[in-house]
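**Q** The following block contains the structure, expressed as structure tokens.
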Amino acid sequence: MSRVSAANRAATAQPPLTAETETKHFKPGEAENPNPTAQAGATDHGEDADVKAYMTIEEVARSLRVSVPTVRWLRQKGRFAPGIKIGRRVVWDEEALAAWVEANRETAA
């Protein structure tokens with residue numbers, strides 16, 4: 001833990017941004033968004049509707065409440081949902097993972 005004096009912290013503290021103090025920064029050639037209700041990166045062509053949600057191994061493990069090594073072990077044994085290799089990373093389609101979970105649900109005895 002670093003020791004910073006209260007005076008030094010107060011001197012370097014930034015005031016909170018308000019409507020009056022907020023400054024907009026734009027890159028050269030970039031104009032303010034003419035459609036403020038549009039999300040950043042979204043287009044009017046509906047392209048975002050086709051984008052699938054992919055989960056990393058950490059997200060998969062967290063959602064299944066198991067450890068990352070357990071997911072790796074199951075995958076190595078061929079007992080886990082098929083992943084998608086993107087470079088060195090493996091990701092899972094949320095829908096495919098949900099289907100695999102349902103297919104592996106135990107039946108009542």
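The values are calculated or read from the model by the stated rules, or taken from the named source; none is laboratory data. Source: prediction; values computed, not measured. Cβ: placed from backbone, ideal geometry, glycine included. Neighbour counts: every protein chain shown.
**Q** For residue 65, state whether it is loosely packed, with under 10 Cβ neighbours inside 10 Å, of a type outside the set (Phe, Trp, Tyr) and at pLDDT 95 or above.
**A** For residue 65, the condition - loosely packed, with under 10 Cβ neighbours inside 10 Å, of a type outside the set (Phe, Trp, Tyr) and at pLDDT 95 or above - is met.
**Q** Contact list please: Cβ distance under 8 Å, first residue in region 68-81 and charged (D, E, K, R), second residue surrounded by 13 or more Cβ atoms within 10 Å (Cβ to Cβ) and not in a loop (DSSP other than H, G, I, E, B), pairs at least six apart or on different chains.
**A** Once the first residue is charged (D, E, K, R) and sits in region 68-81, its partners that are surrounded by 13 or more Cβ atoms within 10 Å (Cβ to Cβ) and not in a loop (DSSP other than H, G, I, E, B) give 72/57; 75/90.
**Q** Now, a different point. Can you name the residue in region 74-100 that is hydrophobic (A, V, I, L, M, F, W, C), out of contact with any Ser or Thr (no Cβ under 9 Å at 6 or more places or on another chain) and part of a helix (DSSP H, G or I) and, of all such residues, is nearest to residue 58 (Cα to Cα)? Reasoning before the result, please.
**A** We begin by selecting, within region 74-100, every residue hydrophobic (A, V, I, L, M, F, W, C); these are 74, 80-81, 84, 86, 90-92, 96-100.
Imposing the further condition that a residue be out of contact with any Ser or Thr (no Cβ under 9 Å at 6 or more places or on another chain) reduces the set to 74, 80-81, 84, 86, 96, 98-100.
If we keep only those that are part of a helix (DSSP H, G or I) too, we end up with 74, 96, 98-100.
On the way: 74: 14, 96: 16, 98: 16, 99: 19, 100: 17 Å.
Top of the filtered list is 74.
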